[in-house]
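Asker: I'd like to ask some things about the structure below.
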Amino acid sequence: MLGSLSYYEKSSGSVFYRATKKELILFLFSAFLFLLGCYRMSVAGSPELGENVSSFLAGAVLASVGFFLSWFNGKGWMWLMIGVAVVGRLLFLPLPASEDLVRGMWEGEVLDSNFNPYQVAPGAQELELLRGDVWERIRDKDEVSSQPPFSLAIFRLLHGMGFNEWGIKTILVVVDIWICIILAMRYGSRKAALYGWNPLVVFSVAGEGHLESLMLLPALGGFLIWEAWVDRKGGAVIISTNGGLSGGPGQMVSFAALLMGLAAAMNLVFLPIVIWMFWRVLVKSGIKTGIAILLVGLIPLIAFNGWGSVSLNTDLKMISPFSASVFPDTLSLVPGTLSRIGVGLSPEFFFWLVLVISLLLVFRNSSMERFANLYTGTYLVLAVAVYPSSFLWMAPFALGTMHLGFRLVSLSAFIYYASYLGGEGPVALGSWYSVALWIPFLIGILWYVLTCGSKSSGFYVRSY
């Protein structure tokens with residue numbers, strides 16, 4: 001049996017997997033490269049400083065090779081895989097946070113001091129007494145806040161509780177590890193490593209301090225509950241045949257809608273998934289049940305956006321993902337490409353285009369996994385403002401199918417940081433850089449469309 005792939009089956013039906021020595025060596029080697037790359041990236045410092053970029057990218061290459069090799073790991077060593085994921089994130093904690101986190105900390109302090117970040121920019125004279133190290137690190141001090149009210153409320157709460165940059169990043173890492181554990185328990189160590197050992201995820205959350213883990217956790221929870229209680233049991237019709245909303249499936253679907261609504265309150269990109277849930281329940285279980293699910297899913301969005309609109313006089317259009325113009329420091333594919341060749345279309349055009357395509361996908365896909373993957377892929381291709389951390393939005397839905405596009409762009413996205421070479425800030429990516437970054441993602445999406453149906457092979461089988 002030595003050197004062979006072995007399965008042991010007990011009479012109870014459970015299956016035990018024994019890995020080979022070759023698999024163990026591959027696992028340890030990929031883990032070593034991943035951690036070495038994380039260490040090199042952390043030591044290099046923030047890539048926002050031009051002199052750090054070369055060393056940072058060298059570390060990113062090592063971590064990416066380790067991540068790539070992990071695709072071929074065996075199915076064992078779940079807790080060891082999680083331990084490696086923890087160490088990788090701890091290595092990034094000393095790295096200075098991105099301006100997104102710094103600005104969020106500032107706006108939380110401003111709101112906690114009874115000023116309105118949606119109306120008062122960091123450079124305003126009335127905020128002079130609040131200026132300090134955090135204020136110094138904000139680049140554009142003449143811009144008011146554009147983050148959703150829910151995110152602003154989180155930063156206000158964290159400031160009120162006395163959390164500094166390290167404290168906030170630690171919270172984000174703890175939530176991120178929680179996501180890794182949930183993924184490992186559901187899909188096994190091999191698929192969970194696509195998130196846990198993903199250098200783009202680790203750098204974006206633990207290094208730069210983006211809030212992605214806070215929105216991905218409820219999105220993942222909502223998706224897994226729907227998948228377990230609906231997709232695996234024959235569709236949303238199960239709600240009407242098991243007591244409606246008062247039955248077990250109805251209550252679990254309501255909870256799933258609430259979790260997805262929390263993700264949408266932090267990032268409107270997740271809102272179409274709530275709409276899709278409403279449509280599937282409406283078609284299979286009736287209009288009353290469908291409307292109830294929709295209202296539950298919209299509760300967080302209505303509550304926090306209502307608070308922002310009434311109490312802070314927020315212009316809700318400002319927080320729309322399509323409110324920004326096409327800036328040179330973004331990875332915008334279709335809008336950016338058209339802009340470079342002189343075809344200047346308004347952000348509203350792409351908003352309506354994404355909306356129309358999303359509605360078509362709602363009507364044509366009965367599986368949340370397939371709808372969410374096709375929708376998020378479409379959104380990223382058509383969005384006017386895309387950053388490397390934006391690709392993480394696919395993670396809750398992409399890991400079960402080992403989405404090739406998500407895996408490849410987790411490697412190619414580091415090309416973005418080449419735009420910092422020789423300067424103190426990003427410049428427009430050259431055409432070849434853009435091709436090298438986006439082509440792997442597009443190939444992966446095409447592969448997913450051609451090979452993955454609504455219920456992909458092995459997706460509903462939990463393996464350890």
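Asker: Please turn the phi angles of the range 289-300 into ³J(HN,Hα) values with the Karplus equation 6.51 cos²θ - 1.76 cosθ + 1.60 (θ = phi - 60°), one per residue in order, whole Hz, x for glycine and proline.
Answerer: Karplus values, whole Hz, x for Gly and Pro: 5, x, 5, 4, 5, 4, 5, 4, x, 8, 3, x.
Asker: Let me ask something additional. Which ³J(HN,Hα) values, rounded to whole Hz and listed in residue order, are derived for the range 213-225 from phi using the Karplus coefficients 6.51, -1.76 and 1.60 in 6.51 cos²θ - 1.76 cosθ + 1.60 with θ = phi - 60°, glycine and proline given as x?
Answerer: Result, ordered by residue: 5, 5, 8, 6, 4, x, 5, 5, x, x, 5, 5, 5 Hz.
Asker: OK, next. Please turn the phi angles of the range 252-267 into ³J(HN,Hα) values with the Karplus equation 6.51 cos²θ - 1.76 cosθ + 1.60 (θ = phi - 60°), one per residue in order, whole Hz, x for glycine and proline.
Answerer: 5, 5, 4, 5, 4, 5, 5, 5, 5, x, 4, 4, 5, 5, 8, 8
Asker: Let me ask something else. Please work out how much accessible surface Cys180 shows to a 1.4 Å probe, ignoring ligands, DNA and RNA, in Å² rounded to 10.
Answerer: 0 Å²
Asker: Round to the nearest 0.05 the FRET efficiency obtained for Leu355 and Lys21 when R0 = 41 Å and r is the Cβ-Cβ distance. Don't skip to the answer; put the middle values down first.
Answerer: On the way: r = 53 Å, r/R0 = 1.30.
Plugging the Cβ-Cβ distance into 1/(1 + (r/R0)^6) gives 0.15.
Asker: Against the globular-protein guess of 2.2 N^0.38 Å, express the Cα radius of gyration of the range 267-418 as a ratio, rounded to two decimals. Display every interim value, and only then the final one.
Answerer: Numbers: Rg = 16.9 Å, N = 152, 2.2 N^0.38 = 14.8 Å.
Taking N as the residue count of the range 267-418, the ratio is 1.14.
Asker: How far apart, in nm, are two points set 7 Å out from the Cα along the Cα-to-Cβ line at Leu80 and at Met161?
Answerer: 3.5 nm
Asker: If you keep only loop residues by DSSP, which GluC sites (Glu not before Pro) in the range 117-208 have at most 14 other Cβ atoms within 10 Å of their Cβ?
Answerer: On the way: sites: Glu126, Glu128, Glu136, Glu143, Glu165, Glu208; in loops: Glu143, Glu208.
Of the GluC sites (Glu not before Pro), the ones in loops of the range 117-208 whose Cβ has at most 14 other Cβ atoms within 10 Å are Glu143.
Asker: Based on alpha-carbon atoms only, what is the radius of gyration of the range 182-249 relative to the globular estimate 2.2 N^0.38 Å?
Answerer: Working: Rg = 16.0 Å, N = 68, 2.2 N^0.38 = 10.9 Å.
Normalised Cα radius of gyration, the range 182-249: 1.46.
Asker: Over the range 229-281, with a single point scatterer placed on each C-alpha, what log10 of the ratio I(q)/I(0) does the Debye formula yield at q = 0.17, 0.32 1/Å?
Answerer: -0.51, -1.19
Asker: Along the Cα→Cβ direction, 7 angstrom out, place labels at Tyr433 and Phe255. What is the inter-label distance in nm?
Answerer: It works out to 4.6 nm between the two label points.
Asker: Still on this structure, please answer the following. Please express the shape of the chain as an equivalent ellipsoid: the semi-axes are the square roots of 5 times the eigenvalues of the C-alpha gyration tensor, given largest first in whole angstrom.
Answerer: On the way: eigenvalues 226, 178, 95 Å².
Calculated on Cα positions only, the semi-axes equal 34, 30, 22 Å.
Asker: On to the next question. Take the alpha-carbon positions of the range 148-304, form their convex hull, and give its projected area averaged over all directions (one quarter of the hull surface) in nm². Intermediate values should be presented prior to the final figure.
Answerer: Numbers: hull surface 38.9 nm².
Projected over every direction and averaged, the Cα hull of the range 148-304 covers 9.7 nm².
Asker: Say each of Val449 and Thr170 gets a label point 7 Å from the Cα, pointing the same way as Cα to Cβ; how far apart are those two points in nm?
Answerer: Each label point is offset 7 Å from its Cα along the Cβ direction, giving 4.7 nm.
Asker: Any chance you could run the full-extension gain for Lys317 through Ala58? It's 0.36 nm times the residue separation minus the Cα-Cα distance, nm to one decimal. Provide the component values of the computation, followed by the final result.
Answerer: Values: separation 259, 0.36 × 259 = 93.24 nm, distance 4.02 nm.
Gain on extension, Lys317 to Ala58, equals 89.2 nm.
Asker: Let me ask you something else. Between Val334 and Phe72, what length comes free when the chain is fully extended (0.36 nm per residue of separation minus the Cα-Cα distance, one decimal in nm)? Mind showing how you got there, number by number?
Answerer: On the way: separation 262, 0.36 × 262 = 94.32 nm, distance 3.32 nm.
Between Val334 and Phe72, full extension yields an extra 91.0 nm.
Asker: Turning to a different aspect of this structure: Report the number of Lys pairs in the chain whose alpha-carbons are under 16 Å apart, with separation of 8 or more residues or on distinct chains. Walk me through the intermediate numbers first.
Answerer: Numbers: Lys21/Lys75; Lys22/Lys75; Lys75/Lys191; Lys233/Lys284; Lys233/Lys455.
Total qualifying Lys-Lys pairs in the chain comes to 5.
Asker: Compute the label zone of Val43 within the range 96-110: residues whose backbone N is under 19 Å from the point 7 Å along Cα-to-Cβ.
Answerer: Taking a point 7 Å out along Cα→Cβ of Val43, the residues of the range 96-110 whose backbone N falls under 19 Å are 96.
Asker: Between Leu442 and Glu126, what length comes free when the chain is fully extended (0.36 nm per residue of separation minus the Cα-Cα distance, one decimal in nm)? If you can, show how the numbers build up before the last one.
Answerer: Details: separation 316, 0.36 × 316 = 113.76 nm, distance 4.77 nm.
In short, 109.0 nm is gained.
Asker: Please go through the range 191-289 and write out the trypsin sites (Lys or Arg not before Pro) that DSSP classes as loop and that have at most 13 other C-beta atoms within 10 Å.
Answerer: Working: sites: Lys191, Arg232, Lys233, Arg280, Lys284, Lys288; in loops: none.
In loop regions of the range 191-289 (DSSP not H, G, I, E or B), there are no sparsely surrounded trypsin sites (Lys or Arg not before Pro).
The values are calculated or read from the model by the stated rules, or taken from the named source; none is laboratory data. Here the structure is a predicted model, which means the values were calculated and not measured. Quick reminder, even Gly has a Cβ in these numbers, built from the backbone with ideal geometry, and neighbours come from all protein chains shown. SASA here: full protein model, heavy atoms, side chains in, ligands and nucleic acids out. Shrake-Rupley method; radii C 1.70, N 1.55, O 1.52, S 1.80 Å.
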